[in-house]
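Step one of this worksheet: look at the structure below.
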Amino acid sequence: MKKRWWHDAVVYQIYCRSFCDSNGDGIGDLPGVLQKLPILRELGVNCIWFTPIYVSPQVDNGYDIADYRDIDPAYGTLEDFRQVLETAHSMGIRIIMDMVFNHSSDQCVWFREARKSRDNPYRNYYIWHNGKPDGSEPNNWGNYFYEGKGSAWEWDETTKQYYLHYYSKHMPDLNWEYEPLRQEVYDVMKFWVEKGVDGFRLDVFTSFKKPEGFPDYPGELGVNGYAQGREQRCNVPGIHELIHGMYENVFSKYDIMTVGEASRVSSRMAPDYVRAARQELDSIYHFEICNRNPAPPTVLQYKDAQIRWAKVVENGGWLAQHLSNHDFPRQVSRFGNDKEYRIPSAKLLATLTHTLPGTPYVYQGEEIGMTNVSFDRIEDYNDQYTVGQYHALMKAGVDEAAIWQKLRPVSRDNPRTPYQWSGGENAGFTTGTPWLKVNPRYPEINLEADRSHPQSIFAYYQKLIALRRDNPAIVDGTFHMFLPEHPQVVMYLRRTARQTLLIVANFSDNSAMVERPQEVTEHQWHRILTNRDDTTPSLMRESWLPWEAEIYELEG
Ligand code: NOJ
């Protein structure tokens with residue numbers, strides 16, 4: 001496989017709204033990012049992914065774009081963006097932008113025009129449909145936010161047709177069947193490449209192609225009587241032609257990276273999107289591990305997923321390695337132990353993410369072990385899924401305590417609370433009132449406290465990132481999982497012709513007994529990293545402490 005810059009990258013995701021507020025309006029902004037770039041350089045990351053910072057009414061915190069070619073005034077200006085980009089580049093940090101082309105905002109000029117009349121030139125940028133003979137919606141699809149009555153179709157009184165919206169009614173879906181829309185999308189991307197950005201993260205790209213004829217979903221309906229049925233609406237035949245079209249018209253023309261948000265993509269389907277020969281995307285991230293299912297995967301499921309997804313890389317594709325982002329719970333709360341083992345478990349998770357095949361993604365705050373929150377009132381939540389589901393479940397008569405139990409641990413507000421910079425007021429995020437409440441654990445968990453702690457998580461991330469830079473086996477090595485049936489321990493090899501590394505992690509709250517595979521016992525190894533300072537630097541032992549994670553290198 002031809003080596004590209006992003007194979008070696010470590011990507012840091014900035015959720016600008018919650019990162020750093022420079023002007024006291026309670027909302028993070030680009031001048032705030034500029035101030036903090038030196039910290040990211042110290043951390044060692046070399047690429048930033050910005051969640052959408054374009055002009056937006058913020059119904060879905062920027063995933064509803066009103067102007068694809070300008071920055072939202074709450075975040076700054078194009079000039080602020082230019083400064084961030086230039087400064088980041090001067091530090092060796094690239095920037096990739098989030099591109100949202102499944103839908104736009106209803107405030108986008110394309111939609112404001114489209115809804116004026118059936119013959120408006122922008123009409124076909126969107127998906128319009130007549131109702132059923134009785135006037136009801138064209139089919140039983142629900143919107144994913146459980147908004148309003150629940151349908152994915154909204155009636156437009158002026159032009160007397162329904163339009164499709166997979167998410168909010170304020171986020172109408174774009175019509176990829178229409179050539180001028182596709183050209184517009186290519187132009188938007190070229191606009192940003194010409195500004196100097198280094199790549200794109202493609203939002204819900206597997207939904208661009210809609211099911212032919214908009215058939216009813218045949219499976220179970222949701223609590224509101226409409227179908228969620230994402231599997232019907234993702235990866236529809238014809239999707240590959242659309243992605244290849246983007247490749248031909250944009251991606252292939254520049255030295256940029258692309259990473260797709262691969263909703264409903266299995267490890268079996270993935271190569272069709274990411275093998276270089278396909279000429280579609282450079283990489284994707286999947287949701288087999290990081291998701292909002294009621295329970296996190298077991299260690300066995302985790303390993304099984306890693307084994308299957310490593311094959312995608314082995315067969316010439318590439319992956320994002322991640323355990324959280326702005327849509328999912330804080331990783332230390334979901335997969336680790338955010339109480340007595342917060343520090344070692346945060347480090348263990350990072351050890352795995354940074355040494356498995358693919359590019360590691362760090363979601364802001366993860367590098368200091370930020371945790372989930374638990375607010376008491378629905379008014380304190382902002383996330384559309386949480387608010388929409390809360391009301392839908394209440395309306396359906398579900399017990400309120402049960403609703404909270406279901407929604408709190410997976411709410412998208414968990415990862416979105418403001419960054420905890422210090423133990424000062426509002427965790428040092430803003431001098432004003434933060435747009436979303438600060439996590440009450442901030443006096444204990446914040447960057448300053450972490451960096452002055454002997455067990456600093458930030459310092460551990462620095463080591464991991466440096467290790468990746470200096471040890472080619474982490475990026476280029478083959479992958480072999482040992483002990484796939486062990487219920488606690490994750491142990492694998494990364495190997496190139498010149499170097500072999502062994503990663504061992506006790507992914508649990510209890511000590512683990514490990515029978516070492518012969519391949520391990522018959523060689524000499526030395527330890528190059530540990531997340532504890534109280535263990536013997538040797539593989540010649542059978543017991544591993546809770547959340548212990550270590551990396552060894554084969555000698556000779
Ligand atoms: C995925 C994004 O990550 C999420 O935040 C957003 O709500 C949906 N796509 C819709 O754009």
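So which residues in segment 366-407 are in a loop (DSSP other than H, G, I, E, B) and within 16 Å of the ligand (Cβ to nearest atom), if there are any at all? Talk me through it step by step, then tell me what you get.
Residues of segment 366-407 that are in a loop (DSSP other than H, G, I, E, B), as a first pass: 369-377, 381-383, 396-399.
Answer for segment 366-407, where residues must be in a loop (DSSP other than H, G, I, E, B) and within 16 Å of the ligand (Cβ to nearest atom): Tyr381, Asn382, Asp383.
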message: Suppose the filter is more than 30 Å from Asp8 (Cβ to Cβ), touching a helix residue (DSSP H, G or I) at 6+ places or on another chain (Cβ under 8 Å) and within 16 Å of the ligand (Cβ to nearest atom); does Ser104 pass it?
response: yes
Those residues of segment 356-377 that are among the aromatic types (Phe, Trp, Tyr) and under 19 Å from Phe50 (Cβ atoms) come to a total of 2
Tell me, yes or no, whether segment 508-529 has at least one residue that is in contact (Cβ under 8 Å) with a residue 60 or more places away in the chain and either within 11 Å of Val489 (Cβ to Cβ) or over 35 Å from the mean Cα position of the chain (by Cα) (or both).
yes
So, first residue in contact (Cβ under 8 Å) with a residue 60 or more places away in the chain and at positive phi in segment 81-108, second residue within 15 Å of the ligand (Cβ to nearest atom) and open to solvent by 50 Å² or more (accessible area, probe 1.4 Å), Cβ within less than 8 Å, six or more apart or across chains; the pairs are none
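Quick one: count up the residues across segment 408-429 that are more than 16 Å from the ligand (Cβ to nearest atom) and open to solvent by 10 Å² or more (accessible area, probe 1.4 Å). Talk me through it step by step, then tell me what you get.
Of segment 408-429, the ones more than 16 Å from the ligand (Cβ to nearest atom) are 408-409, 418-429.
Filter once more, so that each one left must be open to solvent by 10 Å² or more (accessible area, probe 1.4 Å): 408-409, 421-426, 428.
Residues in segment 408-429 being more than 16 Å from the ligand (Cβ to nearest atom) and open to solvent by 10 Å² or more (accessible area, probe 1.4 Å): 9 in total.
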Subset of segment 313-332, residues more than 20 Å from Ile457 (Cα to Cα), away from the ligand (no atom under 16 Å from the Cβ) and either in a loop (DSSP other than H, G, I, E, B) or open to solvent by 10 Å² or more (accessible area, probe 1.4 Å) (or both), comes to Val313, Glu314, Asn315, Gly316, Gly317, Trp318
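So which residues in segment 160-171 are more than 12 Å from the ligand (Cβ to nearest atom) and part of a loop (DSSP other than H, G, I, E, B), if there are any at all? Show your work before the answer.
Let us first name the residues in segment 160-171 that are more than 12 Å from the ligand (Cβ to nearest atom), namely 160-164, 169.
Lys160, Lys169, listed by residue number.
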Counting only residues in segment 42-67 that are touching a Gly at 6+ places or on another chain (Cβ under 7 Å) and open to solvent by 10 Å² or more (accessible area, probe 1.4 Å), the one farthest from the ligand (Cβ to nearest atom) is identified as Asn46
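Considering each of Trp128, Trp153 in turn, give the residue that is away from the ligand (no atom under 15 Å from the Cβ), at pLDDT 95 or above, open to solvent by less than 10 Å² (accessible area, probe 1.4 Å) and out of contact with any helix residue (DSSP H, G or I) (no Cβ under 6 Å at 6 or more places or on another chain).
Going through Trp128, Trp153 in turn, the sole match is Trp153.
The values are calculated or read from the model by the stated rules, or taken from the named source; none is laboratory data. Everything numeric in this text was worked out from a predicted model, so none of it was measured. Cβ atoms come from the backbone with ideal geometry, glycine included; neighbour counts cover every protein chain shown. With ligands, DNA and RNA removed, areas are computed over all heavy atoms of the protein, side chains included. Shrake-Rupley method; radii C 1.70, N 1.55, O 1.52, S 1.80 Å.
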